[in-house]
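Visitor: First the structure, then my questions, so here it is.
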Amino acid sequence: MIEVENLTKRYGPKTAVDGLSFTVRPGVVTGFLGPNGAGKSTTLRLLVGLDAPTSGGTKVNGKPYRRHRAPLREIGVLLEARAVHPGRSARDHLLAVGATHGIGAKRVDEVLDVVGLTEVARRRVGKFSLGMGQRLGIGVALLGDPRAVVLDEPVNGLDPDGIKWIRHLLRDLAAEGRTVFVSSHLMSEMALTADHLVVVGRGKLVADVPVADLIASTRRGVRVRTPRTSDLVAVLQGDGVEITSLGGGVVDVIGLSTEDIGTRALVAGIPLFELTPQRASLEEAYTELTRDAVEYRGTSERVAA
Amino acid sequence: MSATTIDRPVAEKTPLTFGGVVRGEWVKLRSVRSSGLTVLGAALMMLVTGLVFASTVGSDSDGADGVTDPTGITLSGVMFAQLVTGVLGVLVVSNEYATGMIRSTLTAVPSRLPVLLGKVAVVVGTLFPTMLAVSFTVFLAGQAVMGGAKLPTAAVGDPGVLAALVGSAATMTGVAVIGVALGALLRSTAGAISTLVVLVFLLPGLGGLLLPASWRDDALKYLPSSASEAFTSVVPAPGLLGPSAGAAVFAAWVVVPLLLAAVLLRRRDA
């Protein structure tokens, strides 16, 4: 269980996290989603005490992280920024971190096997690929066999096999009853792994919802193609109906079912060439949620997710 | 490589302990190449400087009369070796900031202070015995060289010699601890090493040139290098503090930066 309460962090004049409150429950994979610069990494740094909050606080399994007798057994963390000396071997890195908690070579070798680094365990980390480095970071997170696992952008640099492996790992960890909290700026990734989403933008909470609810809440429309758009619009207009003309005889209709539209067109004698229900993807739902919360906008109006 | 193997519980759920932190710091120290190289460098600096001085000391016009302090001649490498041990101290901390390792370290030990103390413990535990052995070695070898040249020599049992040997090892170790503190305060290898060089190497000379003569000597004797000279010299140079005062001043040079580093380590964001 991870609790974030009224968390605020300012770096000079810049507010990175702004009154954030949410709870991450055990047993499910919770995605931590937001555009780059939304305050995800800062929140995670505050969670494990690397930075001190300006106000508010966080708890891991009921206590502030620092107050646990065995912090690494409560929560294992992969932070986004590199946190390894490149001259040290993967095995020595794990041994050094583990030693603080009396975790020895046996567990270190076990973890190396889990993350698939056994063969390169004695090689210097500086020679590792991005993906191998990521696996090592995940190894550190698993080292203490923790009750909660927090991974910041874990799929970064992983190959497709690695990404699949991460998804399974996260699901297994949650199935074992652990708290699993994974950040990403990619909705598509979260759609495949997460059961619940905490969405942030500009340091503020945007949504705290089950993935299924988010999909259900997205507005659905119907795409209609006809040579007589103005006639069709006249027939369909009414309360709660929103019609957008896309040009070229295509309109998007929100608020009416395909049956409604087809029947009304038939009655008015308007030919329809296309009548397609549009289901907003999770990606679009996310873009809509964070539209006002994107920190760095490109020059084109469309925002890259 | 199956994800399901991770739920196998660790045999005993051992907590975070200070002993564990020290072991972790030891693993870190021994597992990067620069540590061994700096210790070796400091040892060589002591041996080479001591032996070169010992074999050239009688060759000038003064001959045997020039040798007033045979112990000091063989230990003259301390002056340079302390810079190398200081660099080791700096690197033990600044490397972590340079590579990001500090985030792994402080996440594992969120109370932070044990990390600083653990680093001091492994630096002292590594350097003091090593540099003590090196001091004895260069002393004995140097006396043998000077004895062979029919120059005056000293023995370990002579007054002040043992103190000089132990004090030299303590000086080199102490400067390393100053390095740890500077590394933690400045978080930058270049900044901390520069500060260290200025403090132990340049200030005595610069101060001699720049300070007004009226209080120059009074100020200079409180610098770390002069303070350590006061308790490592068998035949002290004039104008130094007494041995115990020197030791106290040197200890303050070690402890005060370390306390400052401890306070800031607790306060600052990592």
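Visitor: Restricting to segment A:75-100, give me the number of residues that are over 30 Å from the mean Cα position of the chain (by Cα) and closer than 23 Å to A:Phe181 by Cβ.
Guide: 1
Visitor: Only one residue in B:Ala170, B:Ala190, B:Ala184 is modelled with pLDDT of 95 or more and surrounded by fewer than 16 Cβ atoms within 10 Å (Cβ to Cβ). Which one? Steps first, please.
Guide: Working: B:Ala170 fails: surrounded by fewer than 16 Cβ atoms within 10 Å (Cβ to Cβ); B:Ala184 fails: surrounded by fewer than 16 Cβ atoms within 10 Å (Cβ to Cβ).
That would be B:Ala190, the only listed residue that is modelled with pLDDT of 95 or more and surrounded by fewer than 16 Cβ atoms within 10 Å (Cβ to Cβ).
Visitor: Answer yes or no as to whether B:Leu117 is within 30 Å of A:Ala141 (Cβ to Cβ) and part of a helix (DSSP H, G or I).
Guide: Values: within 30 Å of A:Ala141 (Cβ to Cβ): yes; part of a helix (DSSP H, G or I): yes.
Spelling it out, B:Leu117 is indeed within 30 Å of A:Ala141 (Cβ to Cβ) and part of a helix (DSSP H, G or I).
Visitor: Further question: Show me the strands (runs of 3 or more DSSP E) found entirely inside segment A:74-190 where at least 3 residues are among the hydroxyl-bearing types (Ser, Thr, Tyr) and either more than 10 Å from chain B (Cβ to nearest Cβ) or surrounded by fewer than 22 Cβ atoms within 10 Å (Cβ to Cβ) (or both).
Guide: Values: elements: A:75-78, A:148-152, A:179-184.
So the answer is A:179-184.
Visitor: Return the total of residues in segment B:124-136 being of a type in the set (A, V, I, L, M) and either in contact (Cβ under 8 Å) with a residue 60 or more places away in the chain or surrounded by fewer than 15 Cβ atoms within 10 Å (Cβ to Cβ) (or both). Before the answer, list the steps.
Guide: Keep residues of segment B:124-136 that are of a type in the set (A, V, I, L, M), which gives B:124, B:127, B:131-134.
Filter once more, keeping what is either in contact (Cβ under 8 Å) with a residue 60 or more places away in the chain or surrounded by fewer than 15 Cβ atoms within 10 Å (Cβ to Cβ) (or both): B:127, B:131, B:133-134.
Total meeting the criteria: 4.
Visitor: Out of all the residues in segment A:42-51, which are in a helix (DSSP H, G or I) and closer than 16 Å to B:Arg267 by Cβ?
Guide: Our first condition is that a residue be in a helix (DSSP H, G or I); within segment A:42-51, this holds for A:42-47.
Scanning segment A:42-51 gives A:Arg45, A:Leu46.
Visitor: Is at least one residue of segment B:220-238 among the hydrophobic types (A, V, I, L, M, F, W, C), assigned to a loop (DSSP other than H, G, I, E, B) and touching a Leu at 6+ places or on another chain (Cβ under 6 Å)? Working first, answer last.
Guide: Keep residues of segment B:220-238 that are among the hydrophobic types (A, V, I, L, M, F, W, C), which gives B:220, B:223, B:227, B:230-231, B:234-235, B:237.
Remaining after also requiring assigned to a loop (DSSP other than H, G, I, E, B): B:223, B:234-235, B:237.
From the residues that got through so far, the ones that are touching a Leu at 6+ places or on another chain (Cβ under 6 Å) too are B:223.
Within segment B:220-238 (the criterion being among the hydrophobic types (A, V, I, L, M, F, W, C), assigned to a loop (DSSP other than H, G, I, E, B) and touching a Leu at 6+ places or on another chain (Cβ under 6 Å)), the answer is yes, since at least one residue qualifies.
Visitor: Which number in (1) outside the structural domain of A:Ala148 (by TED's automatic domain parsing); (2) touching a residue at least 12 places away in the same chain (Cβ under 8 Å) marks the one condition that A:Ser184 misses?
Guide: Going through (1) outside the structural domain of A:Ala148 (by TED's automatic domain parsing); (2) touching a residue at least 12 places away in the same chain (Cβ under 8 Å) one by one, A:Ser184 breaks only (1).
Visitor: Here's another thing I want to ask about it. I'd like to know if segment A:52-63 contains one or more residues that are in a helix (DSSP H, G or I), within 10 Å of chain B (Cβ to nearest Cβ) and surrounded by fewer than 23 Cβ atoms within 10 Å (Cβ to Cβ).
Guide: Of all residues in segment A:52-63, those in a helix (DSSP H, G or I) come to none.
Taking every residue of segment A:52-63 in turn, none turns out to be in a helix (DSSP H, G or I), within 10 Å of chain B (Cβ to nearest Cβ) and surrounded by fewer than 23 Cβ atoms within 10 Å (Cβ to Cβ).
Visitor: Turning to a different aspect of this structure: Being loosely packed, with under 15 Cβ neighbours inside 10 Å, touching a residue at least 12 places away in the same chain (Cβ under 8 Å) and closer than 26 Å to B:Ser135 by Cα: is that true of B:Gly246 here?
Guide: Criteria not met by B:Gly246.
Visitor: Name every residue in segment B:137-165 that is part of a helix (DSSP H, G or I) and surrounded by fewer than 17 Cβ atoms within 10 Å (Cβ to Cβ), in order of residue number. Talk me through it step by step, then tell me what you get.
Guide: First, pick out the residues of segment B:137-165 that are part of a helix (DSSP H, G or I): B:137-148, B:161-165.
Result: B:Thr137, B:Leu140, B:Ala141, B:Ala144, B:Gly147, B:Gly148, B:Leu162.
Visitor: Sticking with this one: Condition (residue is at pLDDT 90 or above and under 30 Å from A:Gly19 (Cα atoms)) applied to segment A:119-136: is it met by at least one residue?
Guide: Among the residues of segment A:119-136, not one is at pLDDT 90 or above and under 30 Å from A:Gly19 (Cα atoms), which makes the answer no.
Visitor: A further question on this structure: Which of the residues that make up segment B:70-128 are more than 14 Å from every other protein chain (Cβ to nearest Cβ) and more than 22 Å from B:Ala42 (Cβ to Cβ)? Give the derivation first.
Guide: The first filter runs over segment B:70-128 and keeps only residues more than 14 Å from every other protein chain (Cβ to nearest Cβ), leaving B:70-90, B:120, B:123-128.
Within segment B:70-128, just B:Pro70 meets the criteria.
Visitor: From the list A:His168, A:His196, A:His185, pick out the single residue that is over 15 Å from the mean Cα position of the chain (by Cα) and more than 18 Å from A:Leu72 (Cβ to Cβ). Full working, then the answer.
Guide: On the way: A:His196 fails: over 15 Å from the mean Cα position of the chain (by Cα); A:His185 fails: over 15 Å from the mean Cα position of the chain (by Cα).
After ruling out the rest, the residue left standing is A:His168.
Visitor: Given the condition among the charged types (D, E, K, R), modelled with pLDDT under 90 and within 38 Å of the chain's Cα centre (by Cα), answer yes or no: does some residue in segment A:230-242 qualify? Steps first, answer last, please.
Guide: Looking only at segment A:230-242, we keep the residues that are among the charged types (D, E, K, R), and these are A:231, A:239, A:242.
Narrowing the set further to residues that are modelled with pLDDT under 90 leaves A:239, A:242.
From what is left, the residues that are within 38 Å of the chain's Cα centre (by Cα) are A:239, A:242.
For segment A:230-242, residues among the charged types (D, E, K, R), modelled with pLDDT under 90 and within 38 Å of the chain's Cα centre (by Cα): present.
Visitor: Is it the case that B:Pro129 is part of a loop (DSSP other than H, G, I, E, B) and closer than 25 Å to B:Ile178 by Cα? If you could, list the steps in order and put the result at the bottom.
Guide: On the way: part of a loop (DSSP other than H, G, I, E, B): no; closer than 25 Å to B:Ile178 by Cα: yes.
Considered against the rule, which asks whether it is part of a loop (DSSP other than H, G, I, E, B) and closer than 25 Å to B:Ile178 by Cα, B:Pro129 comes out as no.
Visitor: Among (1) surrounded by fewer than 20 Cβ atoms within 10 Å (Cβ to Cβ); (2) part of a helix (DSSP H, G or I), where does B:Val93 come up short?
Guide: That leaves (1) as the condition not met.
The values are calculated or read from the model by the stated rules, or taken from the named source; none is laboratory data. Please read these numbers as outputs of a predicted model, since none were measured by experiment. FYI the Cβ positions are ideal-geometry reconstructions off the backbone, even for glycines, and counts take in every protein chain you see.
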